[in-house]
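Every number in this text was worked out from the coordinates using simple rules, so none of it is lab data. Being a predicted model, the structure only gives us computed values, none of them experimental. Reconstructed Cβ throughout: ideal geometry from the backbone, glycine too, with neighbour counts over all protein chains shown.
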Amino acid sequence: MENKAKIMGRWDVSAIDVKDPGLKKYISLVPVIVPKTGGTYSGNRFHKSHISIVERLINKLMVPGHRGKKHKISSGVVTGKASTVYNIVEKAFGIIEKKLNKNPIEVLVRAVENGAPREEITTITYGGARYPKPVECAPQRRIDFVLRMIAQGSYQRRFKSKKSAEQALAEEIIDTYEMNSNSTAISKKMELERQADSAR
């Protein structure tokens, strides 16, 4: 009998398939027990494509990125302590599995596909005036965007609330998976695509 590695020693990814053809090459479902490479691919171009999607989520939760040209959050669990965030993600996956009775890694992959914007806005200068112009969003950027929004949305749910970090993260992933507008990723995606549509 073949012994297959499972993510976090619990969830099998062999049956999970990425349905979005644009993201297929960029979502890695490597079956690793501990999703922590420690920068193995940092010197390679498009290195993020080789890192497990679970590890990329953990990395985003440690440093949730900028919002309005400022770091959204810089304290609490956002300290770069991987083991703390690893435990939060594992507990959140347990909540998702209990609620939906599905593989939480598959739920995460579908959430990433649902929340990834196809278009965004850039600004061009023409004759001294600045105009918004719609552009297609690159696949790697689409994934980075949705993971950042999931991270920021989960922290936003937890702010001034009695919810635990894992509960907030599980709710954010489930809402993105179900295309619910309560999800920060879905609402931001719809806003971006609406702006791009009106700028044609």
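Peptides 183-189, 60-66, 121-127 ranked from most to least packed give 183-189, 60-66, 121-127, packing being the mean of other C-beta atoms within 10 angstrom over each peptide's residues. Here the gap between Thr125 and Asp197, fully extended at 0.36 nm per residue and compared with their Cα-Cα distance, gives a gain of 24.0 nm.
Each Lys and Arg Cβ is given +1 and each Asp and Glu Cβ -1; about its Cα centre, the chain then shows a dipole of about 700 debye. Between amide H atoms placed 1.01 Å from N, distances below 5 Å from Glu119 occur with Cys137, all of them 5 or more places distant or on a separate chain. Just in segment 1-101: which chymotrypsin sites (Phe, Trp or Tyr not before Pro) are loop by DSSP and have at most 12 other Cβ atoms within 10 Å? Here the chymotrypsin sites (Phe, Trp or Tyr not before Pro) that fit, given the DSSP loop and packing criteria, are Phe46. Restricting attention to the chain, close to 90% of DSSP beta bridges with both partner residues there are antiparallel.
Helix 104-115 versus the longest principal axis of the chain: what is the Cα-based angle in degrees, 0 to 90, to the nearest 10? Once rounded, one gets 0 degrees. To the nearest ten degrees, helix 53-62 and the longest principal axis of the Cα atoms of the chain are 70 degrees apart.
Computed over segment 47-198, the P(r) tail beyond 22 angstrom holds 41 percent of alpha carbon pairs.
Working from Cα pairs under 8 Å separated by at least six residues, relative contact order for segment 1-98 is 20 percent.
Using the Cβ-Cβ distance between Lys24 and Asn44 with R0 set to 22 Å, the FRET efficiency works out to roughly 0.70. Between the Cα long axis of helix 139-158 and the first principal axis of the chain there is an angle of about 70°, rounded to the nearest 10. Dividing the mean sequence gap of close Cα pairs (under 8 Å, 6+ apart) by how many residues the chain holds gives a relative contact order of 20 percent.
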